[in-house]
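The values are calculated or read from the model by the stated rules, or taken from the named source; none is laboratory data. Just so we're clear, the structure is a prediction, and the values are computed from it rather than from any experiment. Quick reminder, even Gly has a Cβ in these numbers, built from the backbone with ideal geometry, and neighbours come from all protein chains shown.
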Amino acid sequence: MHLTEKPERLRSLLRFVIPGMALVYASSAQAADITLGIIGPHEYDLPVDFKPFNVLVQYGNGNAAGNTYNSVGQREARGGSHTWSGMTKYVHFRSFDAIPHVGFAFELIQSESFTLADGSNYGGFGPTIVGPAAWFKPNAHSTFGFQTFMQTPVGTRDATSPNYWSNISSFIFDYEWKHFSFDGDAGTVTGSTKHVKGQHSYFPGVVFYSNLRFSWKATQKIEPFLAFDWQNVTGTYDNTSGHYLDNSNSREIAMGPGLMFNISKHVSFTGRYSHSLEGRNTPETNAYYMKFVYLW
């Protein structure tokens, strides 16, 4: 199917963009974010056999984490912070005649971050994220694929730099009914060894995550949805001392409602709120998310 053959398809294209991932360098002193928590409904409602097109996306989210979950899952009134982060993303979509019924995308993402906590007030650009995605349609109503991205080790300042390379990979899926849709992902984040001059060498914990979105197609313009996010992080290993850091593993489950607006054929806006249901060794999520999409 070519975009020029069915103009109404442009409206559904605004619903998806292969998503960037949450910045994975957040420490326990900051408000952490579940990987890929920024995705909205129809994020993986993807076409095949189409003409090339481009998408520009601005993601943003703020988290006012006034509490922290301790090692046994109890919520304590400490360690909170206010963080704001964003991602500016360019995506090129295309398919190839030599590989029919398969879609491809390549992303270039620049992350931004700002933190306000304990008298600190700083921000800057975070790592750059790049990578491809590929998918196919098992039937006319469903999509299944895989995406993998590399995150660079540095930002514009030490506080926004993870200081190690990361790979973020996940399986993606979508299923469309007449009045409802269900899509999501499941994947991992793995990092290289962290080396900083004058400090111990660390191997970061492996991140396992999943994000699910269930939406109701109320009208062509408005679509309410419910979001569910889960993340589990294994412990950080101190290579220099030869042991795992105490309480460096973490877990969190968060959920919240959202609303997507299809403003025009080329523009859409999505907003959402999310709050932790339970956690361990992590600041709570008390966050709002937004996504602005422009397609051409």
- [ ] Among the residues of the range 134-153, count how many are crowded, with 16+ Cβ neighbours inside 10 Å and in a loop (DSSP other than H, G, I, E, B).
- [x] 3
- [ ] Take the range 155-184 and flag every residue that is in contact (Cβ under 8 Å) with a residue 40 or more places away in the chain and under 22 Å from Pro132 (Cβ atoms).
- [x] Pro162, Tyr164, Ser166, Ile168, Ser170, Ile172, Phe173, Asp174, Asp183, Gly184
Open item on the list: Looking at Ala22, Ala64 in this structure, which one is of a type in the set (Gly, Ala, Ser) and at pLDDT below 50?
Closed with: Ala22
Open item on the list: I need the full set of residues from the range 243-277 which are more than 15 Å from Tyr202 (Cα to Cα) and either β-branched (Val, Ile, Thr) or without any contact (Cβ under 8 Å) to a residue 12 or more places away in the chain (or both), in order please.
Closed with: Ile253, Ile263, Ser264, Val267, Thr270
Open item on the list: Exactly one of these conditions fails for Pro100: (1) over 23 Å from Gly187 (Cβ atoms); (2) touching a strand residue (DSSP E or B) at 6+ places or on another chain (Cβ under 9 Å). Give me its number.
Closed with: (2)
Task: Failed item, numbered, when Ile168 is tested on (1) within 24 Å of Asn249 (Cβ to Cβ); (2) β-branched (Val, Ile, Thr); (3) surrounded by fewer than 16 Cβ atoms within 10 Å (Cβ to Cβ); (4) touching a Phe, Trp or Tyr at 6+ places or on another chain (Cβ under 8 Å) - done: (3)
Open item on the list: If I go through the range 183-205 residue by residue, how many of them are among the β-branched types (Val, Ile, Thr) and more than 30 Å from Thr143 (Cβ to Cβ)?
Closed with: 2
TODO: Name the residue, out of Thr193, Thr282, Thr219, Thr240, that is in contact (Cβ under 8 Å) with a residue 12 or more places away in the chain and farther than 26 Å from Ser169 by Cα.
DONE: Thr240
Task: Every residue from the range 184-234 that is of a type in the set (S, T, N, Q) and either in a strand (DSSP E or B) or in contact with a His (Cβ under 8 Å, 6 or more places away or on another chain) (or both) - done: Thr188, Thr190, Ser201, Ser210, Asn211, Ser215, Gln231, Asn232
